[in-house]
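The values are calculated or read from the model by the stated rules, or taken from the named source; none is laboratory data. The shown structure was predicted, so the numbers you read here are calculated from the model rather than taken from an experiment. Note that each Cβ is placed from the backbone with ideal geometry, even for glycine, and that neighbours are counted across all protein chains shown.
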Amino acid sequence: MTAFRVESIGADAQPLAIVDDFAPDPDALRRSAGAAGFVPALHHYPGVRAELPADYLSNQLPVIAAVAAQAFGRSGPVSVVDASFSIVSTPADALSIPQRLPHVDAFTADRIALVHYLSPEDGDGTAFYRHRATGFERVDAARRDLFFRHLDTEIRYGGPPPPGYVLGDTPLFECVRSEPARYNRALLYRSWSLHSGAISPDSRLSADPGAGRLTVTAFLSIG
């Protein structure tokens with residue numbers, strides 16, 4: 001069994017599973033990414049994505065299931081909503097307003113996000129946030145309307161955040177945890193946690209899988 005640890009995020013104490021040495025051969029995954037056809041991503045992701053090798057999920061799903069049972073108390077079947085190689089590559093001054101803000105990926109407890117870091121230089125990790133106006137660190141179905149009403153009002157009257165990736169504390173959000181990247185490390189957390197890539201101002205933002213912030217990102221539903 002792959003070793004992992006379960007820690008917590010902020011005052012809300014949402015679980016964060018940290019799995020080092022996640023895949024048996026990360027170098028082979030990098031070679032696969034080097035041969036993959038990357039295209040612009042959808043759904044506000046600030047970069048490019050490509051298909052995974054066919055055996056990636058079949059190899060990793062047993063590990064994910066074991067981690068999810070301990071970290072999130074969910075031992076049902078694992079369904080893959082979406083999974084791909086992903087590289088953050090959009091220039092900071094070209095980001096849309098949603099891309100300049102922390103976000104959530106889903107609003108229910110069964111939905112789990114995974115990010116698997118595949119850059120040998122480690123690079124930029126993932127940060128988690130609290131919305132100052134509401135105090136929310138997670139946005140579930142019950143909080144969804146209130147959160148977005150507040151955020152819309154703040155942006156409408158205070159103006160949008162300046163161009164650039166969110167990093168650390170901002171007028172609208174407080175950073176409650178930042179987890180560094182490490183080669184072949186995976187993070188798993190509930191998709192309702194407010195989060196963002198912790199993209200540093202000097203990041204290369206290359207779309208080349210051999211040079212950029214190569215990750216696997218996956219969105220899962222676990223019964």
Residue satisfying all of: in region 49-78; within 21 Å of Leu29 (Cβ to Cβ) and of a type in the set (S, T, N, Q); modelled with the highest pLDDT among these: Gln60
Since Val78 meets every condition but one in (1) within 20 Å of Leu214 (Cα to Cα); (2) in contact with a helix residue (DSSP H, G or I) (Cβ under 7 Å, 6 or more places away or on another chain), which condition does it not meet? (1)
In region 5-55, how many residues are surrounded by fewer than 17 Cβ atoms within 10 Å (Cβ to Cβ) and among the basic types (Lys, Arg)? 2
Test: residue in region 128-141 that is within 30 Å of Leu61 (Cα to Cα), in a loop (DSSP other than H, G, I, E, B), hydrophobic (A, V, I, L, M, F, W, C) and out of contact with any strand residue (DSSP E or B) (no Cβ under 9 Å at 6 or more places or on another chain): yes
If Phe147 satisfies every condition in (1) surrounded by 15 or more Cβ atoms within 10 Å (Cβ to Cβ); (2) over 18 Å from the mean Cα position of the chain (by Cα); (3) in a loop (DSSP other than H, G, I, E, B) but one, which is the exception? (3)
Considering only region 129-136, I want to know if a residue exists there that is surrounded by fewer than 20 Cβ atoms within 10 Å (Cβ to Cβ), β-branched (Val, Ile, Thr) and within 29 Å of Val78 (Cα to Cα). no
Would you mind stating whether Tyr189 is hydroxyl-bearing (Ser, Thr, Tyr), in contact (Cβ under 8 Å) with a residue 12 or more places away in the chain, outside any helix (DSSP H, G or I) and touching a Phe, Trp or Tyr at 6+ places or on another chain (Cβ under 8 Å)? yes
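Going through Gly197, Gly164 one at a time, which residue ends up being touching a residue at least 60 places away in the same chain (Cβ under 8 Å) and surrounded by fewer than 17 Cβ atoms within 10 Å (Cβ to Cβ)? Please lay out each step first, then the result.
Details: Gly197 fails: surrounded by fewer than 17 Cβ atoms within 10 Å (Cβ to Cβ).
Selected residue: Gly164, the only one of Gly197, Gly164 that is touching a residue at least 60 places away in the same chain (Cβ under 8 Å) and surrounded by fewer than 17 Cβ atoms within 10 Å (Cβ to Cβ).
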Looking at (1) touching a Phe, Trp or Tyr at 6+ places or on another chain (Cβ under 6 Å); (2) more than 22 Å from Gly123 (Cβ to Cβ), which is the one condition that is false for Ser8? (1)
